[in-house]
Amino acid sequence: MKTKLRPIYIILCGIIVVLILSLVLSQSQKEQFQSGTVLHEAHQLNFPDSVKLRIGKGSVKGLTYSPDGAILAVATSTGIWLYDTNNYQVQKTVLSGGSSGIMNAAFSPDGHLLIAGSREGVIYLWDTTTFRLKQFFVGHEGGITNLLFSYDGKTIVSTDMFGVSLWDVSTGTHKNKNRGHVPIWFSVWFNNDEGLLASGEFNNDNRVRVSDLTTREVKMELGGHTKSIRSLSFSPDGKLLASGSLDTTIRLWKIQEGKHKRTLKGHTESINKMVFSHDSKFLVSAGRDDTVRIWHVNSGKLKKTLKAHSADVEHIALSPDGKTLASWGDDHMLHIWDVRTGKLKRTITGHIAPISCVSFRSDSKMVAFGASKEIHLWDIEKGLHKQTLLGHKGSVDCLAFNPSDNTLASGGVDETIRLWDTDTGNSKKTIEGHVSDKDTYSDIRSLSYSPDGKTLASSSNDMTIRLWDARSGSHQKTIKEDTDSVRSIAFSPDGKTVASGGVSDGSYSVVRLWDVTNGEQKITLTDFTSGVSAVAFSPNGNILASGDNDSVKLWDVNTGALLRVLGSNILRLRSLSFSPDGKILACGSWDKKIRLWDVATGEERNTLTGHSSAISGISFSSDGKTLASTSSDGTVLLWDMESIINRTDLVK
């Protein structure tokens, strides 16, 4: 009897464990939903109480129209933004799911439901009449890579990189779960009881494999492309499959016969995304050539070429009536097109790229941040975007305001340093000097001004620190490191010392203090187990903070002695900033958290959460009232430090 019952016990135990995990994972979301806070005002999405301003709506992950064409849903790292297609203004509701952002979204065939998949592997389902959460589905082991309803709306199909799941919409339970690797490039077609999965592995034999969605049995292999597959799309009727490749062509396949129908040529670079019209008569493709193209499926003729993007087009969505097209590109523009005329109807801004760095102007009235190749300037007092600085040919990785005037220095992947007049937005000078070789690119990793604003220091992957005249841009001195990359530098408050932190051979790390006058090494700080990514001097210059993959260390600048280790197992710390009074050290890391440490006691005083992705930069304003944080989620958060410090949990 015991032997026969044992499998039942195991199954019951497994069910109980899953239920407990689901409850634990979702308890905070349940409390949030029940309290009615799912319905956010657009400007308050994911706002912690201590944030006084958020800049940016988040990076776009996907686009989809409602069946009646009345709503364009934009899935982003901060949630789902809903645009009224009459005027493309944000509706008063912005849907938030989890703490890691939304990867994709889909409407039910009748438009009454909206589902979204998160990076945490949770699927959320909302009623579109009330925009209240109805339920959520837990069971995926990784981020949701694709999501759609069956044609009768009774089943949800979802995928992660580990497998395919089918869910019963009414009960929220698994109908079927098939384990097995799901490639990066794939497309799913599902019609109630029948489903197909088309996949194309990157750098494989350039073939498309079509398999049964649930059993994963390969039904056919389609060859013909000369380079790797980058995009796949089934027609809504399931009769055709489009495959886009690095070879710049699109191939149309007859699924029932497994035969090639025709090849579409016109793109000059690889195809990133494709979507069929609802009647399967037209195909829209987006490419790395910055264009969107509309094709007639039966004739194979190119109907329209849409040009407005200045970078790769990554996401597209076609309205159900086929009259309107939405496209999103790496230029961070969301364009709305008239399909019949090919004319641009509207451009939606605010959904910016992952943000890499941030810096306050010395008067605390302006903040600058880098997003891809752009630098954005914001007026803090008015809460308004002032201007965008363009000129870098690669991503901007570091920024620094001159403390003596309104000049902003920027550096990045294009190996140049640019000086900007932030009053006019004009470029004052471009500085070149860091040198690449055949093995190393000289990306500019860090910038720091001397306290008097006369000298600018820069560090690079070329293993050097270079000192420049801040006004003329002329080279003054080169300090040679023996690390592979100097990731961070900082001037001491008296301007006599530059601290540097970096990494060698992927693991060995060291922090050095250099004499600015003669370029000689003064002190070497060791005892690191991973690469040093940030260094910062305390305002009085007596303490140096260093951050690596595991912890924050405080050092005595005069003796080189290790004073204290703050925290442990911090996930890849990225940025450090002392408060102007030197009492608090703020640390931003890849775990999406900002930790505030009491410098005197070494106690962690508070943890700030609000970003949905890794923290890329933090900076205190000179008056200490504001802390700015940037993230790869495409947002900047400005934290009210006065309210944070006045909380009881920050009072000794």
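The values are calculated or read from the model by the stated rules, or taken from the named source; none is laboratory data. Computed from a predicted structure; not experimentally measured. Note that each Cβ is placed from the backbone with ideal geometry, even for glycine, and that neighbours are counted across all protein chains shown. When the accessible area is computed, the model is the full protein with side chains, heavy atoms only, and any ligands, DNA or RNA have been set aside. Shrake-Rupley method; radii C 1.70, N 1.55, O 1.52, S 1.80 Å.
Residue check: is Gly412 farther than 21 Å from Ile465 by Cα and of a type in the set (Gly, Ala, Ser)?
In short, no.
Quick one: how many residues across the range 239-248 are closer than 23 Å to Gly322 by Cα and either of a type in the set (Ser, Thr, Tyr) or open to solvent by 10 Å² or more (accessible area, probe 1.4 Å) (or both)?
3
Among Asp205, Asp212, which is the only one that is more than 27 Å from Lys343 (Cα to Cα), open to solvent by less than 70 Å² (accessible area, probe 1.4 Å) and of a type in the set (D, E, K, R)? Write out each step before concluding.
Details: Asp205 fails: open to solvent by less than 70 Å² (accessible area, probe 1.4 Å).
Only one candidate qualifies: Asp212.
Report every pair of residues separated by at least 6 positions or lying on different chains whose Cβ atoms are under 8 Å apart, first residue within the range 468-483 and surrounded by fewer than 20 Cβ atoms within 10 Å (Cβ to Cβ), second part of a strand (DSSP E or B) and of a type in the set (Gly, Ala, Ser).
Listed by first residue and then by second, the contacts come to Asp482/Ser504.
Filter the range 607-640 down to the residues that are farther than 24 Å from Ser118 by Cα and of a type in the set (A, V, I, L, M, F, W, C), then identify the one that is surrounded by the most Cβ atoms within 10 Å (Cβ to Cβ).
Leu627
State the number of residues belonging to the range 345-361 that are over 24 Å from the mean Cα position of the chain (by Cα) and buried (at least 17 other Cβ atoms within 10 Å of the Cβ). Spell out how you get there, then give the answer.
Of all residues in the range 345-361, those over 24 Å from the mean Cα position of the chain (by Cα) come to 345-346, 361.
From the residues that got through so far, the ones that are buried (at least 17 other Cβ atoms within 10 Å of the Cβ) too are 361.
Summing the residues that are over 24 Å from the mean Cα position of the chain (by Cα) and buried (at least 17 other Cβ atoms within 10 Å of the Cβ) in the range 345-361 gives 1.
Quick grid of which residues meet (1) open to solvent by less than 30 Å² (accessible area, probe 1.4 Å); (2) closer than 17 Å to Leu389 by Cα; (3) part of a loop (DSSP other than H, G, I, E, B):
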| position | (1), (2), (3) |
| --- | --- |
| Pro403 | no, no, yes |
| Asp423 | no, yes, yes |
| Lys429 | no, yes, no |
| Gly433 | yes, no, yes |
| Tyr441 | no, no, yes |
| Ser448 | yes, no, no |
| Gly453 | yes, no, yes |
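Identify all residues within the range 277-303 that are open to solvent by 10 Å² or more (accessible area, probe 1.4 Å), more than 30 Å from Gly394 (Cα to Cα) and outside any loop (DSSP other than H, G, I, E, B); write none if there are none.
If the condition is that a residue be open to solvent by 10 Å² or more (accessible area, probe 1.4 Å), more than 30 Å from Gly394 (Cα to Cα) and outside any loop (DSSP other than H, G, I, E, B), then Phe282, His296, Leu302, Lys303 are the ones that fit.
Just wondering, is there one or more residues in the range 153-160 that are open to solvent by less than 20 Å² (accessible area, probe 1.4 Å), in a strand (DSSP E or B) and farther than 20 Å from Ser211 by Cβ?
No, every residue in the range 153-160 fails to be open to solvent by less than 20 Å² (accessible area, probe 1.4 Å), in a strand (DSSP E or B) and farther than 20 Å from Ser211 by Cβ.
Could you tell me which numbered condition Trp337 fails, if it satisfies all but one of (1) under 26 Å from the mean Cα position of the chain (by Cα); (2) open to solvent by 30 Å² or more (accessible area, probe 1.4 Å)?
Against the list (1) under 26 Å from the mean Cα position of the chain (by Cα); (2) open to solvent by 30 Å² or more (accessible area, probe 1.4 Å), Trp337 comes up short only on (2).
Which is among the hydroxyl-bearing types (Ser, Thr, Tyr), modelled with pLDDT of 90 or more and either at negative phi or touching a strand residue (DSSP E or B) at 6+ places or on another chain (Cβ under 9 Å) (or both), of Thr226, Thr171, Thr145, Thr159?
Matching residue, one of Thr226, Thr171, Thr145, Thr159: Thr226.
Quick one: Asp49 ticks every box in (1) modelled with pLDDT of 90 or more; (2) out of contact with any strand residue (DSSP E or B) (no Cβ under 7 Å at 6 or more places or on another chain) except a single one, so which number is it?
Evaluating Asp49 over (1) modelled with pLDDT of 90 or more; (2) out of contact with any strand residue (DSSP E or B) (no Cβ under 7 Å at 6 or more places or on another chain) leaves (1) as the failure.
What are the pairs, 6+ residues apart or on separate chains, where a residue within the range 512-527 that is farther than 9 Å from Ile479 by Cβ and open to solvent by 90 Å² or more (accessible area, probe 1.4 Å) has its Cβ under 9 Å from a residue that is modelled with pLDDT of 95 or more and assigned to a loop (DSSP other than H, G, I, E, B)?
Listed pairs, sorted by first residue: Thr517/Lys496.
Is it true that Gly143 is open to solvent by 10 Å² or more (accessible area, probe 1.4 Å), within 26 Å of the chain's Cα centre (by Cα) and more than 24 Å from Gly238 (Cα to Cα)?
yes
Listed residues Asp68, Asp110, Asp84; which is surrounded by fewer than 19 Cβ atoms within 10 Å (Cβ to Cβ), of a type outside the set (Phe, Trp, Tyr) and closer than 19 Å to Ser327 by Cβ?
Working: Asp68 fails: closer than 19 Å to Ser327 by Cβ; Asp110 fails: closer than 19 Å to Ser327 by Cβ.
The match here is Asp84.
State all residues of the range 460-494 that are part of a strand (DSSP E or B) and among the acidic types (Asp, Glu); if no residue qualifies, say none.
If the condition is that a residue be part of a strand (DSSP E or B) and among the acidic types (Asp, Glu), then Asp469 is the only one that fits.
In the range 572-591, what residues are assigned to a loop (DSSP other than H, G, I, E, B) and either of a type in the set (A, V, I, L, M) or modelled with pLDDT of 90 or more (or both)?
Those that are assigned to a loop (DSSP other than H, G, I, E, B) and either of a type in the set (A, V, I, L, M) or modelled with pLDDT of 90 or more (or both): Ser579, Pro580, Asp581, Gly582, Lys583.
With respect to the numbered conditions (1) surrounded by fewer than 22 Cβ atoms within 10 Å (Cβ to Cβ); (2) at negative phi; (3) assigned to a loop (DSSP other than H, G, I, E, B), which one is the sole condition not fulfilled by Glu415?
Condition (2) is where Glu415 drops out.
Does Arg487 satisfy the criteria of being surrounded by 18 or more Cβ atoms within 10 Å (Cβ to Cβ), charged (D, E, K, R) and more than 29 Å from the chain's Cα centre (by Cα)?
Considered against the rule, which asks whether it is surrounded by 18 or more Cβ atoms within 10 Å (Cβ to Cβ), charged (D, E, K, R) and more than 29 Å from the chain's Cα centre (by Cα), Arg487 comes out as no.
Go through the range 261-276 and count every residue that is open to solvent by less than 30 Å² (accessible area, probe 1.4 Å) and outside any loop (DSSP other than H, G, I, E, B).
Looking only at that region, the number is 5.
Looking at (1) of a type in the set (Ser, Thr, Tyr); (2) without any contact (Cβ under 8 Å) to a residue 60 or more places away in the chain; (3) crowded, with 20+ Cβ neighbours inside 10 Å, which is the one condition that is false for Ser319?
(2)
In the range 236-258, what residues are charged (D, E, K, R) and in a loop (DSSP other than H, G, I, E, B)?
Within the range 236-258, Asp237, Lys239, Asp247, Glu257 meet the criteria.
Looking at Gly143, Gly117, which one is touching a residue at least 24 places away in the same chain (Cβ under 8 Å) and in a loop (DSSP other than H, G, I, E, B)?
The match here is Gly143.
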